[in-house]
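Read-outs throughout are calculated quantities, based only on the coordinates presented, and are distinct from any laboratory measurement. Please read all numbers here as calculations on a predicted model, not as lab measurements. Cβ: placed from backbone, ideal geometry, glycine included. Neighbour counts: every protein chain shown.
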Amino acid sequence: MKKIFICLAVLTAASCSYYMKGDYTLGKRNTFNDFFYTYNIRYYDNGALMGEQKEIETVSDYDVGVERHAVPGGIVVSSETFEKSVHTDELVRPTKKGALVSYTVPVEFTDEKVYRIIGEADVDGKIYRLVEPNRLKDIVLLDDYGNIYPRVGRIYNDRLALLRTDFRLEPEDLKFQNERTGIAGDDDMMARFELRYDGLENYQMVFKYKTVVNNNGVLTEENKTLRFPMYDKKVSVGTMQIEVLNVDEAGIDYKVLSI
């Protein structure tokens, strides 16, 4: 009997040591046995995995079909096209207030706060983004559409471990959406053109036409002087079509018909 008692004591001590390990890792509400498997975490480190996209932006100074006036030396039509590197900070915001609830402490969200994504993990063949742990060290998983995985994770030995407990989302339509900061890098000009009215000369309308083209990072500029009879009612410059409404020494009234 004494030997059996000693064996039981040893098993009890071993069981306590596992519980303490789990208690330290998971907090008081769960045990080590709540973990059933762990997944590798691909951490977002120093912006290495932060989203970077190329965006094209065009800034123009013209309105198709709208009557405008330009004085000698003034711009008739201008347009610049840029390529921008736009970085995202991997921030998300809930669409509304809500929580993941179960018989344990709920994991709450508020739409008045943004949450940072710390990395991603492949769970059963699907990539989920990991929301930074809350004060209880809970981690919420999001798919590419901001839908919330119905289980909660913890970081255990630098890996993602999912609790066995199922959580219910309240309200059911709660999601997360990207909160892009729009930090733009240096703008690279891809193309630019500018048409200026230069006045009348020998009964001719004089225009200055400048184009700038980016050829593999090298900007190439071309300047032309264009002349049209002052009584012409339409002026064509490249693909541009301009209707001349009135022209005199004071300037030109016109409409841009097409670019």
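Give me the net charge for the shell around residue 68: Cβ to Cβ below 9 angstrom, other residues only, Lys and Arg +1, Asp and Glu -1.
Details: positive: 255; negative: 63, 67, 253.
Residues near residue 68 contribute -2 overall.
Among 145, 43, 254, what is the fewest-to-most ranking by other Cβ atoms within 10 Å?
Values: 145 8, 43 13, 254 23.
With the sparsest Cβ surroundings first, the list reads 145, 43, 254.
As an exercise, identify the GluC sites (Glu not before Pro) in the stretch 100-206 lying in DSSP coil whose Cβ has no more than 10 other Cβ atoms within 10 Å. Can you show the working numbers first?
Working: sites: 108, 112, 120, 172, 179, 194, 201; in loops: 112, 172, 179.
Of the GluC sites (Glu not before Pro), the ones in loops of the stretch 100-206 whose Cβ has at most 10 other Cβ atoms within 10 Å are 112, 172.
By the scheme Lys and Arg +1, Asp and Glu -1, what is the net charge of all other residues having a beta-carbon under 14 Å from that of residue 126?
Local charge sum for residue 126: -2.
Excluding residue 196 itself, calculate the net charge of residues whose Cβ lies under 10 Å from the Cβ of residue 196, where each Lys or Arg counts +1 and each Asp or Glu counts -1.
In short, 0.
Cα centroids of the stretch 180-259 and the stretch 132-162: how far apart, whole angstrom?
Going from one Cα centre to the other spans 56 Å.
Taking the alpha-carbon set of the stretch 116-184, what are its Rg and Dmax in Å?
Rg then Dmax for the stretch 116-184, in Å: 12.5, 42.
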